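Data block below; observations after.
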Amino acid sequence: MQVIWAPWRMDYILSDDKKGGCIFCPGDDREKDQARLILYVGSMTTVLMNRFPYINGHLLVAPIRHIPELEGLSNEESMDLLLMVKKSVDILKKVMVPEGFNIGLNLGRVAGAGVEEHMHFHIVPRWNGDTNYMTVLGDVRVIPEHIDETYRKLRPYFENL
Ligand SMILES: [Zn+2]
């Protein structure tokens with residue numbers, strides 16, 4: 001039996017500020033970007049880090065517009081979204097030197113979407129042997145200090161886009 005590890009099938013995004021609404025809607029306050037792990041806010045697309053990643057460097061790429069379905073995107077938004085997926089992969093390659101990637105989309109709760117109201121791509125960098133590593137760790141996820149450190153490494157690259 002071949003087991004395919006598909007981390008994007010499980011979405012563990014939790015919002016810190018439930019009252020503040022959707023974590024994928026960047027809003028106008030850029031002062032909070034670091035606290036919210038937002039790496040990039042463009043005219044049509046935003047990139048942020050998954051607060052509860054399966055592996056460090058797990059990024060989320062979403063349209064600025066709060067829409068649930070892929071087919072709701074305009075052609076311009078679709079192009080911009082894929083362009084940012086591409087640029088994010090490029091930055092992860094430079095900063096974290098992964099050996100591969102899983103890139104996926106969960107549409108609808110039944111498909112594993114944690115936040116189904118605002119569609120988003122998952123980009124998960126992969127390294128040889130990382131599944132063994134994660135099995136050992138079990139439910140203990142990457143600690144916040146590591147995420148902040150990764151954020152500080154990635155942020156300058158996104159600021160220079
Ligand atoms: Zn939203």
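The values are calculated or read from the model by the stated rules, or taken from the named source; none is laboratory data. Keep in mind that what you see is a predicted model, and the values were worked out from it rather than measured. We place every Cβ from the backbone using ideal geometry, glycine too, and count neighbours over all the protein chains shown. The accessibility values were calculated without ligands, DNA or RNA, using every heavy atom of the protein model including side chains. Shrake-Rupley method; radii C 1.70, N 1.55, O 1.52, S 1.80 Å.
If only one of Glu116, Glu69, Glu76 is at pLDDT 95 or above and farther than 16 Å from Leu161 by Cβ, which one is it?
Numbers: Glu116 fails: at pLDDT 95 or above; Glu69 fails: at pLDDT 95 or above.
Among Glu116, Glu69, Glu76, only Glu76 is at pLDDT 95 or above and farther than 16 Å from Leu161 by Cβ.
Would you please name the residue that is farthest from the ligand (Cβ to nearest atom), looking only at residues in the stretch 120-132 that are surrounded by 20 or more Cβ atoms within 10 Å (Cβ to Cβ) and assigned to a strand (DSSP E or B)?
At the first step, the residues of the stretch 120-132 found to be surrounded by 20 or more Cβ atoms within 10 Å (Cβ to Cβ) are 120-125.
Narrowing further to those that are assigned to a strand (DSSP E or B): 121-125.
Numbers: Phe121: 14, His122: 16, Ile123: 18, Val124: 21, Pro125: 25 Å.
That would be Pro125.
Exactly one of (1) among the β-branched types (Val, Ile, Thr); (2) buried (at least 18 other Cβ atoms within 10 Å of the Cβ); (3) at pLDDT 75 or above is unmet by Val110. Its number?
Condition not satisfied by Val110: (2).
Does Glu99 satisfy being surrounded by fewer than 20 Cβ atoms within 10 Å (Cβ to Cβ), touching a residue at least 12 places away in the same chain (Cβ under 8 Å) and within 23 Å of Gly27 (Cα to Cα)?
Values: surrounded by fewer than 20 Cβ atoms within 10 Å (Cβ to Cβ): yes; touching a residue at least 12 places away in the same chain (Cβ under 8 Å): yes; within 23 Å of Gly27 (Cα to Cα): no.
So Glu99 does not fit the description; no.
Could you check, for the stretch 79-93, whether at least one of its residues is of a type in the set (Asp, Glu), at pLDDT 90 or above and farther than 22 Å from Asp148 by Cα?
The initial filter retains those residues of the stretch 79-93 that are of a type in the set (Asp, Glu), namely 80, 90.
Filter again for at pLDDT 90 or above, leaving 80, 90.
Applying the additional criterion that residues be farther than 22 Å from Asp148 by Cα yields 80.
Yes; the residues of the stretch 79-93 include at least one that is of a type in the set (Asp, Glu), at pLDDT 90 or above and farther than 22 Å from Asp148 by Cα.
Every residue in the stretch 55-71 that is of a type in the set (Val, Ile, Thr), open to solvent by less than 10 Å² (accessible area, probe 1.4 Å) and within 12 Å of the ligand (Cβ to nearest atom), please.
none
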